[in-house]
Amino acid sequence: MSAILEVRGISRSFGELKAVDEVSFSIEAGSIVGFIGPNGAGKTTTMRICATLDLPDDGDVFVNGHSVIEDARTARRAMGFMPDSYGAYSNTTVSEYLDFYARAYGLRGRQRQSTVAEVIDFTALTASVGKEMGSLSKGMRQRLCLAKTMLHDPELFILDEPAAGLDPRARVELRELLKALTEAGKGVLISSHILTELSEMCDAVVVIEDGKIRAHGTVDDIVQGIVQHISIFVRTLGEAVATERKILEVPGVLGTRQIRGGVVVDFERGDEGIAHLLKVLVESGMKPVEFATERMDLEDVFMSVTEGIVQ
Ligand SMILES: Nc1ncnc2c1ncn2[C@@H]1O[C@H](COP(=O)(O)OP(=O)(O)O)[C@@H](O)[C@H]1O
Ligand SMILES: [Mg+2]
């Protein structure tokens, strides 16, 4: 399977500052990748290069196999870019705005009408077609901008902080829209400096800081890479002291401590060992009522792989 986006060793400096430093990653069709890092990490610079709006000093980016340097026009046609800020035109309605951009993309006659109708339907803007852009809520405006980005039916979407400033409901709606895009086989690169914004919507994450990639993969992969042991909270019907003593006999246990009437067990990674621990507890008549692995979430991962100040 070929990548819909392949970023190959790009660097970009502004004077002395190396904003992007040998960045490489790729996105497969039908998947959504979160591009996360604190403010100033190099996300926008990387995305602008991917969107043919800036050139790298080194390296290259391929959109659907087309180089953004050698073949920028073809690359551009295969991609839709949503910048982190964009103007709202006053005295322009939603349908006028979309019609204007559809014309700019060279859509004519009935094809233009049906394409505009399709994107309005897809982004659930039907009730707002007659409204002026300036009167739209932030969430509606984001959807309108996404609708505009979809007009030329790109294979790849590059969205710079689209969830910023959205209320929880608008965020869920955005997530649903992006899911529908990936189900239609599109690739999506979406940036944020706030982890929890992206945690539920991404198949994989690329963590960038100080212009460099700190981690790349599924959240689980990244966790595997940085965490040598896991913690399990165990509570039984018996005394915590007795439970703790029994647990300490089990191979793979690195340490224990008592908390909330139970025991937190630091354990070597590996499902077999965890299953064995539970088996020992049951077979020795300990009657476990809670047995919960404490998973790292995206926020913890981010804190572990980046060193700098997180906004
Ligand atoms: N046109 C520019 N001229 C000078 N410095 C820039 C320019 N664009 C970005 N930078 C700097 O490059 C670094 C990365 O910026 P940016 O890519 O916007 O980060 P992010 O989007 O992750 O917040 C920052 O230190 C920023 O100040
Ligand atoms: Mg940015």
Which of the numbered conditions does residue 29 fail, given that it passes all the others? Conditions: (1) away from ligand 1 (no atom under 16 Å from the Cβ); (2) without any contact (Cβ under 8 Å) to a residue 60 or more places away in the chain; (3) of a type in the set (Gly, Ala, Ser); (4) touching an Asp or Glu at 6+ places or on another chain (Cβ under 9 Å). (2)
Identify all residues within the stretch 55-88 that are of a type in the set (Asp, Glu), away from ligand 2 (no atom under 13 Å from the Cβ) and within 18 Å of residue 19 (Cβ to Cβ); write none if there are none. 57, 58, 60
Say we look at the stretch 169-193 and pick out the residues that are more than 16 Å from ligand 2 (Cβ to nearest atom) and part of a loop (DSSP other than H, G, I, E, B); which of these is farthest from residue 28 (Cα to Cα)? 184
Residue ranges of helices (runs of 4 or more DSSP H) in the stretch 61-152 with at least 1 members among the charged types (D, E, K, R) and closer than 24 Å to residue 171 by Cβ: 109-122, 138-150
Count of residues meeting criterion [in contact (Cβ under 8 Å) with a residue 60 or more places away in the chain and within 14 Å of ligand 1 (Cβ to nearest atom)] in the stretch 47-98: 7
Residues being surrounded by fewer than 20 Cβ atoms within 10 Å (Cβ to Cβ), closer than 19 Å to residue 69 by Cα and within 16 Å of ligand 2 (Cβ to nearest atom) - total across the stretch 22-39: 0
State whether the residues of the stretch 12-27 include one that is of a type in the set (D, E, K, R), under 18 Å from the mean Cα position of the chain (by Cα) and either under 28 Å from residue 175 (Cβ atoms) or part of a strand (DSSP E or B) (or both). no
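No value in this document is a laboratory result; all are computed from the given coordinates. Computed from a prediction, not measured in an experiment: that's the story for all the values here. Please note: Cβ atoms are built from the backbone with ideal geometry, for glycine as well, and neighbour counts cover all protein chains shown.
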